[in-house]
Amino acid sequence: MVDLSPLLKVSARLLDLHDSNRGPGSPTQYQLEERPGLKNGRYVAIAGEVLIALQESGKQFGDEYTSLDFVVLQVRTALDWAHEMDIEYVLNVLSRPTELRLLQTDEDSPHVIGDKDTNLVEKAAHLSEFRLSRLGRKALAMAADNLDLAYIEGDITKLLRALETGKLEQAMRFLDRLIDQLRTEQLELISVMERSAGGRRVLGALFDDIEAFEATMRRAAEMVHKAQAQISVLAKDEGPKNVDQDVPLGLVKDRVRELQRGIVGFSRCLSELATMSLGASSTSVPAPAFAALALRMVVSPPSKIQSDFLLSQMGPAFPHVIHPTVTDWRHTIKSKVVKPPEMSDMDLGKFDLPPEDRFLEWMGRNQAAFNHALSQGELTMADAIKRWAAEDGTDGDFACVVAALTSPDEWLTVEGASGEMERSLAISSLQSADVMHSRLTLSITNPTLAEEKPNDTL
């Protein structure tokens with residue numbers, strides 16, 4: 001019976017990604033899928049026997065189609081519970097191609113192509129006859145390919161043959177496979193060593209043929225030396241003439257050295273694990289029956305003295321002082337992150353500043369000139385309008401001038417300002433119109449000292 005589980009393991013998640021309906025930019029959480037079906041592996045087992053039956057038929061009769069009856073007979077020989085209709089159903093599924101949508105990025109712009117070369121079985125037209133397809137033969141070869149390190153000599157032999165013929169690209173594929181295989185097996189040995197720490201004996205099944213296995217690794221190391229010698233031959237241009245020029249010879253040499261280091265590292269781990277296993281002491285004392293002890297304590301509970309004794313010896317420790325823990329401040333102190341100010345462009349349109357804001361802005365520009373004009377003498381309303389509102393000013397400037405002269409205490413920085421208003425009115429010309437206003441005059445008067453006041457009394 002062929003084992004199809006390696007093929008299923010390496011392709012299951014790839015098929016999940018192919019059939020995923022997740023949109024780009026969606027949340028990263030992966031929802032647990034609910035696979036339909038009987039969940040008993042029935043049809044996968046039938047598929048394995050169907051492929052083997054078609055393979056045997058191809059060996060006997062060549063590439064001719066095989067009848068359904070022959071396949072059913074061969075499958076039921078191995079699986080007596082398989083029904084004829086179930087076998088035919090499996091054949092129909094294996095012979096029907098399904099389209100894969102694959103993204104190609106070889107060109108400037110990525111594009112999606114469809115690939116329907118997915119059927120493992122070919123079905124004859126208008127007949128219930130079947131044979132293995134090219135992909136079906138490849139699937140059986142992949143399933144039968146043993147990656148056990150016990151057969152590493154054969155893989156290194158393929159590497160030597162590729163180097164002797166100058167096929168450096170194939171040699172790199174063999175090297176990558178061997179290095180990854182050694183790394184995986186070494187990590188497995190390290191995991192076993194970690195589990196066997198503390199004097200626990202390693203399972204004897206790991207060392208059934210340890211001597212033969214170590215001999216295999218020694219021969220593999222010798223073959224790697226031959227591969228290094230062959231690379232030296234290629235470097236001197238003494239090898240085959242048709243050598244792959246796309247793969248640098250120095251890169252192949254480095255990968256062969258990495259393979260050699262991998263073999264040495266794996267052999268050391270293997271020897272260390274064997275030493276640990278042999279040094280582990282076994283005991284004839286059985287492990288305590290904790291379940292029976294717990295049941296007995298439920299049936300006949302211990303006394304308070306016994307419970308206190310057990311808690312004091314094996315129970316939790318009770319500190320005499322209070323010590324804070326990290327969890328005491330959990331969610332209490334929050335880190336503050338300064339957010340950068342967001343700049344946004346706003347179209348104010350015909351927005352006008354409020355009158356008070358316009359007055360403050362206007363006074364900021366002209367306050368010094370107002371103070372200077374008052375320090376030189378009098379400042380009348382007509383002169384102020386002529387200076388700051390008549391020529392280049394607007395109606396807003398006229399309003400600011402009137403506000404400034406009528407409330408000088410709000411903006412003047414000099415003391416002693418006083419105003420005098422006449423009963424008559426005056427007219428000033430602006431750009432847009434003539435305005436009528438009062439005759440207001442501002443001036444700075446020096447305050448009279450106390451000793452200068454008349455009618456002083458002694």
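Quick note: the coordinates plus some simple rules give every number you see, no bench work behind them. What you see is a predicted model; the values in this text were computed from it and never measured.
Around Val121, which amide H atoms from residues at least 5 apart in sequence, or from another chain, sit under 5 Å from its own amide H, with H modelled in the peptide plane?
Here the answer is Ser95, Ser133, since their amide H atoms fall under 5 Å of that of Val121.
Karplus couplings for region 5-21 from phi (6.51 cos²θ - 1.76 cosθ + 1.60, θ = phi - 60°), rounded to Hz, Gly and Pro as x?
4, x, 5, 5, 5, 7, 10, 4, 6, 5, 5, 4, 5, 5, 8, 5, 9
I need to check one value: relative contact order of region 22-107, counting alpha carbon pairs closer than 8 Å and at least 6 residues apart, in percent.
30
Enumerate the calculated ³J(HN,Hα) couplings along region 51-65 in order (Karplus 6.51 cos²θ - 1.76 cosθ + 1.60, θ = phi - 60°), each rounded to whole Hz, writing x wherever the residue is Gly or Pro.
After applying 6.51 cos²θ - 1.76 cosθ + 1.60, I find 5, 5, 4, 5, 5, 5, 5, x, 5, 7, 10, x, 8, 6, 6 Hz.
Can you list residues from other chains, or at least 5 along the same chain, whose modelled amide H is less than 5 Å from the amide H of Thr380?
Leu442
Pairs Lys158/Lys236; Lys39/Lys158; Lys39/Lys123; Lys123/Lys158: which exceed 31 Å Cα-Cα?
Distance filter (> 31 Å) returns Lys39/Lys158; Lys123/Lys158.
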